[in-house]
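First the structure, in the form of structure tokens, and then the observations on it.
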Amino acid sequence: MKIKRIDLGYIKIPLVTPFKTALRTVDSIHDLIVKVEAEDGTYGYGEAPATAVITGDTRESIEAAIRGYIAPSIIGMDLDDLDEIMKKMEKCIAKNTSAKAAVDIALYDLYAKLKGQPLFRLLGADKPQEIKTELETDITISVNETDEMVRDSIRAVQGGFRVLKVKVGKGGAKDVERIRAIREAIGPDAVIRVDANQGWSREEAVRTIRAMEDAGLNIELVEQPVSYHDFKGMQYVTSQVETPILADESVFSYEDAVRIMEEHGADLINIKLMKTGGIHEALRICDAAEQFGVQCMTGCMLESKVSVSAAAHLAAARGCITMADLDGPSLCSEDPYTGGPIYRDPKILLPEDAGIGISKMPVVFEKINID
């Protein structure tokens with residue numbers, strides 16, 4: 001079965017509240033949706049957000065990469081040889097991981113539909129004993145003034161979320177006070193993950209994390225404390241604190257992940273499809289993590305249900321993925337899609353529908369014409 005056509009469209013969904021990190025503030029999801037169709041009319045969906053401050057990708061660059069390079073390279077290829085398709089897509093254009101991820105997700109969705117299986121069962125076929133049908137996600141608490149962050153945290157816990165991912169990185173001492181206030185407000189049982197989004201220097205990171213440890217704030221992990229390219233800084237922070245360090249922006253590729261694990265630049269790895277270029281490379285990172293005995297988180301950018309669902313299928317399939325940061329749909333003010341995983345506050349339930357499970361969306365698609 002060959003790839004017949006690729007169509008593009010856009011979806012825009014307002015957020016419940018603005019999403020604020022050390023890097024950016026966003027009030028809506030505005031993502032590109034990819035539809036890949038086979039000769040028999042079966043199709044798969046993919047999605048890509050424009051996250052320029054992290055991936056370097058904009059809506060314009062994502063669309064141009066798919067229209068001008070990826071689509072012409074793979075249309076007409078045989079879907080039974082996904083590995084060859086992925087190799088062709090990787091070679092046709094460097095970087096552009098979000099564009100590749102959108103097409104990769106659509107291809108895996110389509111491939112699983114053609115096989116008549118839910119994607120997570122297809123991805124976990126080699127180790128069916130590791131397959132999960134239910135995940136628990138954390139929920140993001142945006143960086144704001146302390147009082148507002150405390151209110152958001154209380155609201156999240158009251159709404160059923162057991163794990164909070166608290167954004168910091170805008171002042172070490174103030175960050176400690178933010179976390180202290182949140183811990184006092186929500187009590188000892190809720191789990192707090194701290195995400196600095198590259199916001200600290202290596203010295204500030206060590207000082208801040210140690211202050212949280214000395215205060216007994218019981219932090220589960222700290223994510224990406226220093227700049228993504230500062231591998232030595234990641235290694236330094238990891239060696240100087242007791243709290244586990246999670247590498248996020250430092251890990252785009254299999255090679256990045258292996259370097260982090262070999263050099264002990266972090267204790268944990270955050271796998272995001274928009275960084276890896278999709279499921280294909282993410283599976284390679286999972287293989288490496290299993291070899292090194294490193295646990296992983298599956299995360300997302302500000303994405304809607306299409307690509308977040310793909311990440312959920314990956315998390316459900318692989319045993320090395322023990323944590324989920326897949327709250328994108330929970331941050332949206334509405335769910336415009338039909339089908340897919342069921343999001344019930346912190347719980348994500350995986351359906352037995354073929355592919356990712358999404359069957360309908362309110363998107364106007366435009367066909368990519370190949371000369």
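The values are calculated or read from the model by the stated rules, or taken from the named source; none is laboratory data. Here the structure is a predicted model, which means the values were calculated and not measured. So basically every Cβ, Gly included, is an ideal-geometry build from the backbone, and we count neighbours across all protein chains shown. Quick note on the areas: whole protein, heavy atoms, side chains included, nothing else; ligands and nucleic acids left out. Shrake-Rupley method; radii C 1.70, N 1.55, O 1.52, S 1.80 Å.
Helix-only estimate, please: 222 nm mean residue ellipticity of the chain, summing -39500 (n - 2.57) across DSSP H runs of length 4 or more and dividing by its residues, to the nearest 500. Value at 222 nm, helices only: -11500 deg cm²/dmol.
Of all DSSP bridge pairs formed entirely within the chain, close to 55 percent run antiparallel.
Across the range 332-338, rounded Karplus estimates of 3J(HN,Hα) from the backbone phi angles (6.51 cos²θ - 1.76 cosθ + 1.60, θ = phi - 60°) give 7, 7, 7, 10, x, 9, 10 Hz, Gly and Pro being marked x.
Rounded to the nearest 10 degrees, what's the angle between the helix 254-263 long axis and the longest principal axis of the chain, both from Cα atoms, 0 to 90? So the inclination is approximately 30 degrees. What separates the Cα centres of the range 117-139 and the range 299-371 is a distance of 13 Å.
Within the full protein context, the accessible area of Ser250 is estimated at about 0 Å² for a probe radius of 1.4 Å. Model label sites at Asp214 and Asp40, defined 7 Å from Cα along the beta-carbon direction, differ in position by 6.5 nm.
Annotation: Tyr254 carries an accessible surface of approximately 70 Å², with a 1.4 Å probe and no ligand, DNA or RNA atoms counted.
Using C-alpha pairs below 8 Å separated by at least 6 residues, the relative contact order for the range 245-325 is 28 percent. From the square roots a ≥ b ≥ c of the eigenvalues of the alpha-carbon gyration tensor of the range 237-283, which class results: rounded (a/c under 1.5), prolate (a/b over b/c), or oblate? Since a/c reaches 1.5 and a/b is larger than b/c, the shape of the range 237-283 is classed as prolate. Sort the range 273-371 into rounded, prolate or oblate with this rule: let a ≥ b ≥ c be the square roots of the eigenvalues of the Cα gyration tensor; rounded if a/c is under 1.5, and if a/c is not under 1.5, prolate when a/b is larger than b/c, oblate otherwise. It is oblate, given that a/c is not under 1.5 and a/b is not larger than b/c. At full extension, Phe292 and Glu366 could sit 22.2 nm farther apart than now, given 0.36 nm per residue minus the alpha carbon distance. What part of the accessible area of the chain, given as a whole %, is carbon or sulfur when the probe is 1.4 angstrom? Answer for the chain is 46 percent, counting heavy atoms of protein chains only. On a 27 Å Cα-Cα criterion, which of the cross-link pairs Lys127/Lys275; Lys12/Lys170; Lys20/Lys360 come out too long? Those over the limit are Lys12/Lys170; Lys20/Lys360. Length gained on full extension, Thr25 to Lys2, computed as 0.36 nm times the residue gap minus the Cα-Cα distance: 4.2 nm. Shape verdict for the range 1-145, please, from the Cα gyration tensor: rounded (a/c under 1.5), prolate (a/b greater than b/c) or oblate. Oblate shape, in that a/c is at least 1.5 and b/c is the bigger or equal ratio. Annotation: for a label point projected 7 angstrom from Cα along Cα→Cβ of Val16, residues of the range 295-309 with backbone N closer than 18 Å are 300-306, 308-309.
So what's the angle, to the nearest 10 degrees on a 0 to 90 scale, between helix 305-317 and the longest Cα principal axis of the chain? Compared with the principal axis, the helix lies near 80 degrees.
Cβ-Cβ distance of Thr58 and Asp335, R₀ of 25 Å, FRET efficiency by 1/(1 + (r/R0)^6): the value works out to about 0.45. For the pair Glu145 and Glu130 in one chain, pulling the backbone fully straight at 0.36 nm per residue adds 1.3 nm over the alpha carbon distance. Annotation: Leu114 carries an accessible surface of approximately 60 Å², with a 1.4 Å probe and no ligand, DNA or RNA atoms counted. Over all Cα atoms in the range 78-157, the spread is summed up by Rg and Dmax: 19.3, 56 Å. Between Gln158 and Ile93, what FRET efficiency follows from the Cβ-Cβ distance if R0 is 56 Å, with the result rounded to 0.05? Once the sixth-power term is evaluated, E becomes 0.75. Dividing the convex hull volume of the alpha-carbon atoms in the range 173-329 by its residue count gives 110 Å³ per residue. When Cα Rg over 2.2 N^0.38 Å is calculated directly from the model, which label among [x] 1.04; [y] 0.95; [z] 1.22 fits? The value matching this structure is [y].
Relative to the longest principal axis of the Cα atoms of the chain, the long axis of helix 82-92 lies at roughly 80 degrees. Against the empirical 2.2 N^0.38 Å (N residues), the range 283-324 has a Cα radius of gyration ratio of 1.16. Computed over the chain, relative contact order equals 21 percent, with contacts defined as Cα pairs under 8 Å that lie 6+ residues apart.
Solvent exposure of the range 70-190, expressed per residue, is 43 Å² of accessible area, with all protein chains present and a 1.4 angstrom probe.
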